[in-house]
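J.: Could you have a look at this structure, given as structure tokens, before my questions?
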Amino acid sequence: MLYRVNEVTSFDSVPAEYLSIGILTIVGILMPLTNFIITWVVRPRVDPARPHITKSYLLEGYERDHSLYPRRLTTFECGSEPVGEAMIQFHFQYYWYAIIFLVFDVAFMFLVLGGMLVGDATSESLAAAERSDAIENAKAASLVLLGFFTMVSLGVWYVFRKRGRIYI
């Protein structure tokens, strides 16, 4: 068994797609991490001796007295005071908008995949035998997508036809 010792591992051995995904992953982790660090350094701090005062270490003379704003300790500083218990009767109908959005979001994801199949079938670089197979695959995928969209549309039509009379 012979091993090649003179082969050098370099970036040429890694496909460019994997390399770009790795770089984007590193950038995607570094961006929020640097935001958190900068915010932690720049934000005003509570003075331990006076807990109602915040001051900035970067902006000299910046002090804010929060004792003049007593509503900051309430549950909702921007709205009305909470009254009653947290457990309330909530109609399920309001979730239908979110559910319908998710259904169509998934449906359009499948539509994009079907479009990719059709795009492969119409590619100029395919041979005649490969092209006929790709066209058959695209036709089958289009029929499946048509059935899927028909089922989704019928379900949404049924929900909208009831007009708020949905009982769970």
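Conditions tested, residue by residue: (1) within 32 Å of the chain's Cα centre (by Cα); (2) at pLDDT 80 or above; (3) more than 26 Å from Ile99 (Cβ to Cβ).
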residue: Leu111; (1), (2), (3): yes, yes, no
residue: Ser123; (1), (2), (3): yes, no, yes
residue: Arg131; (1), (2), (3): no, no, yes
residue: Ala138; (1), (2), (3): yes, yes, yes
residue: Val144; (1), (2), (3): yes, yes, no
residue: Met151; (1), (2), (3): yes, yes, no
residue: Trp157; (1), (2), (3): yes, yes, no
residue: Phe160; (1), (2), (3): yes, no, no
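J.: Mind checking which residues of region 48-99 are in contact with an Asp or Glu (Cβ under 9 Å, 6 or more places away or on another chain), of a type in the set (Lys, Arg) and modelled with pLDDT under 70?
T.: Within region 48-99, Arg71 is the sole residue that qualifies.
The values are calculated or read from the model by the stated rules, or taken from the named source; none is laboratory data. Owing to the predicted nature of the structure, the values given are computational and were not obtained by experimental measurement. All Cβ positions, glycine included, derive from the backbone under ideal geometry; neighbour counts span all protein chains shown.
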